[in-house]
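Accompanying notes for the structure given below.
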Amino acid sequence: MLTALFYVGPAVLFLLVYQVYPALQTVYLSFLDRRSESFVGLENYKYVFTSQTMLRAFKNNLLWLVLFTAGTVGLGLLFAILVDRVKYERIAKSIIFMPMAISFVGAGVVWKFIYAYKPSGAEQIGLLNQIMVVLGFEPKGWLLESPINNLALIVVGLWIWTGYCMVILSAAYKGIPKELMEAGQVDGANDWQVFRHIIIPEMRPALTMVTTTMLVNVLKIFDIIYVMTNGNYGTEVIANRMFKEMFQFANTGRASAIAVVLFVMIIPIMYANIRQKLKGEG
Amino acid sequence: MTRQKLKAKMPQIVINVVVIVAMLLWIVPTLGLLITSFRPASDVVYSGWWTVLTSPLKFTQYTVENYKAVLSSGGMSTAFRNSFIITVGGTVIPVFLASLAAFGLSKLHFRGRGLFYALIVFMLVVPTQMTFIPVLRLYNKLSLSGTFVGLWLVHTGYGLPFSIFMLHTFFQGLPDELFEAAYIDGASVWTSFFRLAIPLSVPALASLVIFQFLFVWNDLLVALIYLGGHESVAPLTVRLSSLVGSFGQDWHLLTAAAFVSMVVPIVVFFSLQQYFVRGLLGGAVKG
């Protein structure tokens with residue numbers, strides 16, 4: 001028993017101090033006022049679910065949830081299958097996967113520069129507006145105009161995370177027994193039918209894994225927003241709002257309530273994710 | 001055989017075009033940043049970086065002034081050092097503790113083992129946001145906020161669940177007979193951990209180290225929360241994000257600063273990519 005304590009004890013101690021205790025404490029704080037002095041009941045939750053700012057954040061997170069998840073998983077799957085059929089597979093994968101290695105802050109700067117805006121007539125230094133001008137359109141303030149700025153931010157998210165989905169889905173794709181696909185074709189199935197009835201079902205575990213991982217990412221999305229717009233011009237998201245409540249407005253009660261709501265939203269997704277992982281383990 | 005047939009059905013040319021366009025979309029943004037970081041400030045504001053492509057070998061149009069500027073007055077060299085200190089501690093401690101715990105949970109028999117493992121897996125669900133306020137209060141009381149030690153410990157606390165989960169999966173795969181044989185030969189538990197389990201799991205450990213290294217190096221949120229506004233201990237990510245605010249449109253400086261923050265992860269990524277990928281796949285897809 002003492003031996004076991006030596007091995008497992010330190011980790012458990014860390015988890016108690018950094019996860020279990022603070023998580024419980026945060027639930028408690030979410031029922032107290034901004035300075036954690038008096039009990040305010042559900043007041044903070046009322047703010048979370050009814051204030052304009054939070055509703056805006058929820059709406060944006062929902063937009064992210066749909067477009068980002070569909071985009072990363074869809075493109076990841078497409079690339080996973082396509083790169084398998086080109087000779088330069090390794091290099092193609094490396095390039096698409098590379099953004100995962102750099103920080104979101106770095107990626108934020110990379111894309112802020114792509115979106116850089118100068119009034120029409122001036123020489124554009126942002127690539128996207130240069131393309132707009134060449135094609136005969138007016139340059140746009142991509143990060144300033146709502147709702148296009150939300151899409152612009154989501155594109156950055158896609159650029160970062162698609163590679164992750166591709167790598168995991170590519171491994172799963174290569175794991176599909178060749179005979180299975182051959183058999184399908186011998187039976188006269190076309191590409192689409194093979195994809196729909198053989199590839200997709202065979203890849204279901206991996207697809208569940210990446211989809212749930214992307215869903216959790218999206219709910220916690222913070223860095224991109226913080227660096228590129230700081231939630232201004234109608235781009236606020238839940239995690240950034242919590243940060244603001246915590247530091248800018250020093251409202252512990254509201255920040256805690258936002259964290260709890262985030263947690264509750266993540267639970268079912270992580271449950272599916274972990275169940276999938278444990279299945280893979282067994 | 002299969003691939004030949006599929007090829008015949010979907011024109012190879014279409015596949016090539018899609019893949020090459022994707023590669024361009026993924027590489028051009030970073031390339032633009034890199035080129036801009038070597039252009040003089042006066043050029044950067046007046047013309048797009050793509051203009052250098054008309055005569056890319058005219059070396060007089062490049063300069064390293066931007067890098068000199070951000071490394072001295074931009075504070076990027078201190079930030080680089082800080083990132084390094086934070087990342088080394090924030091990687092070594094959790095990986096070491098996780099290997100101890102994963103070994104205990106998979107190879108030692110004791111009461112409550114299943115319960116401990118369940119607790120650790122459950123912690124994967126808790127978003128770090130749930131812990132910020134109480135931990136920060138604790139840190140303020142103990143004067144740990146704004147210190148490297150504080151950040152090492154917090155990265156350990158946050159990194160452990162995933163690290164234990166991943167190594168546990170790996171240790172489970174090592175045959176029990178191996179360890180029983182070692183015990184019969186008189187090996188202590190420590191010997192079997194240190195001389196048997198650890199050497200056998202070098203690939204898994206390498207993946208985990210790279211994973212955690214990149215994670216901590218690239219972290220912004222945790223550093224923002226626990227380092228407060230202390231410039232002297234701020235890592236590259238925090239420094240860079242505050243430069244975005246203060247340099248605003250000074251793209252020549254911003255791009256150089258961004259590239260300074262990206263150099264280490266890019267080198268790590270390209271030299272150790274296979275381990276990184278294996279880390280991602282750990283537990284995700286088997287077979």
>> Step by step: first the residues of the range A:212-228, then only those that are part of a helix (DSSP H, G or I) and closer than 26 Å to A:ARG275 by Cα, then the one that is farthest from the chain's Cα centre (by Cα). Which residue is that?
In response: A:THR212
> So B:GLY112 clears everything in (1) in contact with a helix residue (DSSP H, G or I) (Cβ under 9 Å, 6 or more places away or on another chain); (2) at pLDDT 90 or above except one condition, right? Which one?
Replying inline: (2)
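Listed here are the residues, each with its yes/no results for (1) under 25 Å from B:PRO265 (Cα atoms); (2) charged (D, E, K, R); (3) more than 13 Å from chain A (Cβ to nearest Cβ).
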| residue | (1), (2), (3) |
| --- | --- |
| B:GLU177 | no, yes, yes |
| B:ALA182 | no, no, yes |
| B:ASP185 | no, yes, yes |
| B:SER192 | no, no, no |
| B:ALA197 | no, no, no |
>> Please verify whether B:THR237 is within 11 Å of chain A (Cβ to nearest Cβ), modelled with pLDDT of 90 or more and in contact with an Asp or Glu (Cβ under 8 Å, 6 or more places away or on another chain), treating the condition exactly as stated.
In response: yes
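Would you mind finding the one in A:LEU5, A:LEU13, A:LEU78, A:LEU32 that is in contact (Cβ under 8 Å) with a residue 60 or more places away in the chain and not β-branched (Val, Ile, Thr)?
One residue alone meets the criteria, A:LEU32.
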> For the range B:206-219, which residues satisfy the criterion of being crowded, with 22+ Cβ neighbours inside 10 Å and in a helix (DSSP H, G or I)?
Replying inline: B:SER207, B:LEU208, B:ILE210, B:PHE211, B:GLN212, B:LEU214, B:VAL216, B:TRP217, B:ASN218
> Which numbered condition trips up B:LEU208, out of (1) within 13 Å of the chain's Cα centre (by Cα); (2) more than 19 Å from B:LEU97 (Cβ to Cβ)?
Replying inline: (2)
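Please find, among A:THR212, A:THR235, the residue that is more than 23 Å from A:TYR47 (Cα to Cα), more than 7 Å from every other protein chain (Cβ to nearest Cβ) and touching a helix residue (DSSP H, G or I) at 6+ places or on another chain (Cβ under 7 Å).
Selected residue: A:THR212, the only one of A:THR212, A:THR235 that is more than 23 Å from A:TYR47 (Cα to Cα), more than 7 Å from every other protein chain (Cβ to nearest Cβ) and touching a helix residue (DSSP H, G or I) at 6+ places or on another chain (Cβ under 7 Å).
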>> For the condition in contact with a Ser or Thr (Cβ under 9 Å, 6 or more places away or on another chain) and buried (at least 20 other Cβ atoms within 10 Å of the Cβ), what is the one hit in B:ALA101, B:ALA182?
In response: B:ALA101
> Does B:LEU57 qualify as being in a helix (DSSP H, G or I) and either of a type outside the set (Asp, Glu) or in the same structural domain as B:LEU196 (by TED's automatic domain parsing) (or both)?
Replying inline: no
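For the subset of the range A:101-120 comprising residues that are farther than 14 Å from A:VAL155 by Cα and surrounded by 21 or more Cβ atoms within 10 Å (Cβ to Cβ), which member is farthest from the other protein chains (Cβ to nearest Cβ)?
A:ALA116
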> Here are some residues: B:VAL135, B:VAL126, B:VAL154, B:VAL149. Which one is in a helix (DSSP H, G or I) and either farther than 15 Å from B:GLY89 by Cα or not assigned by TED's automatic domain parsing to the domain that holds B:VAL92 (or both)?
Replying inline: B:VAL135
>> Quick check on the range B:76-83. Is at least one of its residues among the basic types (Lys, Arg), in contact (Cβ under 8 Å) with a residue 40 or more places away in the chain and in the same structural domain as B:LEU227 (by TED's automatic domain parsing)?
In response: no
>> What's the number of the only condition in (1) modelled with pLDDT of 90 or more; (2) surrounded by fewer than 18 Cβ atoms within 10 Å (Cβ to Cβ); (3) of a type in the set (A, V, I, L, M, F, W, C) that A:TRP192 fails to meet?
In response: (1)
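Table: residues versus (1) farther than 30 Å from B:GLN249 by Cα; (2) assigned to a helix (DSSP H, G or I); (3) not assigned by TED's automatic domain parsing to the domain that holds B:THR156.
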position	(1), (2), (3)
B:VAL18	yes, yes, yes
B:ILE27	no, yes, yes
B:LEU33	no, yes, yes
B:VAL44	no, yes, yes
B:GLY90	yes, yes, no
B:ALA101	yes, yes, no
B:SER106	yes, yes, no
B:PHE110	yes, no, no
B:GLY114	yes, yes, no
>> Looking only at residues that are at the interface with chain A (Cβ under 7 Å from one of its Cβ atoms) and over 17 Å from B:GLY159 (Cβ atoms) in the range B:110-132, which one is surrounded by the most Cβ atoms within 10 Å (Cβ to Cβ)?
In response: B:PHE116
> Here is a list of conditions, (1) at pLDDT 95 or above; (2) touching a Leu at 6+ places or on another chain (Cβ under 6 Å), and A:VAL237 meets all of them except one; can you say which number that is?
Replying inline: (2)
>> Please go through the range A:235-282 and give me each residue that is without any contact (Cβ under 8 Å) to a residue 12 or more places away in the chain and of a type in the set (Ser, Thr, Tyr), ordered by number.
In response: A:TYR271
>> Given (1) in contact (Cβ under 8 Å) with a residue 40 or more places away in the chain; (2) facing another protein chain (nearest Cβ under 9 Å); (3) more than 21 Å from the chain's Cα centre (by Cα), identify the lone condition not met by B:GLU231.
In response: (2)
>> Which count do you get for residues in the range A:121-150 that are within 7 Å of another protein chain (Cβ to nearest Cβ) and not hydrophobic (A, V, I, L, M, F, W, C)?
In response: 3
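The values are calculated or read from the model by the stated rules, or taken from the named source; none is laboratory data. In this text, all values refer to a predicted model and were calculated from it rather than measured experimentally. Note: ideal-geometry Cβ built from the backbone for every residue, glycine included; neighbour counts use all protein chains shown.
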